[in-house]
Every structure is written in C-alpha cells, then in structure tokens.
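Below: one structure, written as structure tokens.
The values are calculated or read from the model by the stated rules, or taken from the named source; none is laboratory data. This one's a predicted model, so the numbers in the text were calculated from it and none came from an experiment. Because the Cβ atoms are built from the backbone with ideal geometry, glycine has one as well, and the counts that use them run over all protein chains shown.
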Amino acid sequence: MTYVIESVRNHDGSVHERELRRKGQRIIIVKLGLFSPLLAVYVDDGDAVLQTSNVIAYDGKGTDCDTVKTRNTIYTFRKEATS
C-alpha cells in the first residue's frame, strides 16, 4: 500500500521542519510496530528511507488516513487511491 505524507508535526501541534521538505511525498511502509522505529521507502526516491524514533502509538483502522505517533513526532499519512 502506498501512502502520501500529509503532515509531520511536533507533539505540541506545531509544524516540524521535516514537513516542509516531505509533505506530499509518497511512501511505502516497510515496518510499523510499537516500540520500534517506523521504516518507509520513498516511492519517487528509491534511495531514500524514512526512519523515525520509536513508535508509541498508531491508528488507522477503517480510515483513509493513518496517524503514527513517535517519541519525537506525529506523522499523518493518507492512503493513496488505487486505480
């Protein structure tokens, strides 16, 4: 499944500097689990990998968006529509 980065926020809700560079980019999540880093590959930049700090919570059941809360940051990913 391919996702689009919708937002990257600090825990206080402010925009993280990474959002300015990565918003709108497509990723494939390779690994997502509690207490370990999220690992994702950028679809349009095969050499680039997103590795976060440890995941402390995530949600996305039954929605078009998934939210992943890490020790440092909150990521929101939108599921890319399939043709």
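Of Tyr75, Tyr58, all but one fail to be surrounded by 11 or more Cβ atoms within 10 Å (Cβ to Cβ), at pLDDT 95 or above and of a type in the set (Phe, Trp, Tyr); the exception is Tyr75.
Restricting the search to strands (runs of 3 or more DSSP E) fully inside region 1-49 and requiring at least 3 residues that are in contact with a His (Cβ under 9 Å, 6 or more places away or on another chain) and touching a residue at least 60 places away in the same chain (Cβ under 8 Å) gives 2-10.
Just checking, does region 34-45 include any residue being surrounded by 13 or more Cβ atoms within 10 Å (Cβ to Cβ), of a type in the set (Phe, Trp, Tyr) and over 16 Å from Asn10 (Cα atoms)? Among the residues of region 34-45, at least one is surrounded by 13 or more Cβ atoms within 10 Å (Cβ to Cβ), of a type in the set (Phe, Trp, Tyr) and over 16 Å from Asn10 (Cα atoms), which makes the answer yes. Scanning region 52-81 for residues that are in contact with a helix residue (DSSP H, G or I) (Cβ under 9 Å, 6 or more places away or on another chain) and either farther than 13 Å from Val8 by Cβ or assigned to a loop (DSSP other than H, G, I, E, B) (or both) yields nothing. Just to verify a result, which residue in region 61-71, among those that are crowded, with 16+ Cβ neighbours inside 10 Å and of a type in the set (D, E, K, R), is farthest from Arg18 (Cα to Cα)? Here the answer is Asp66.
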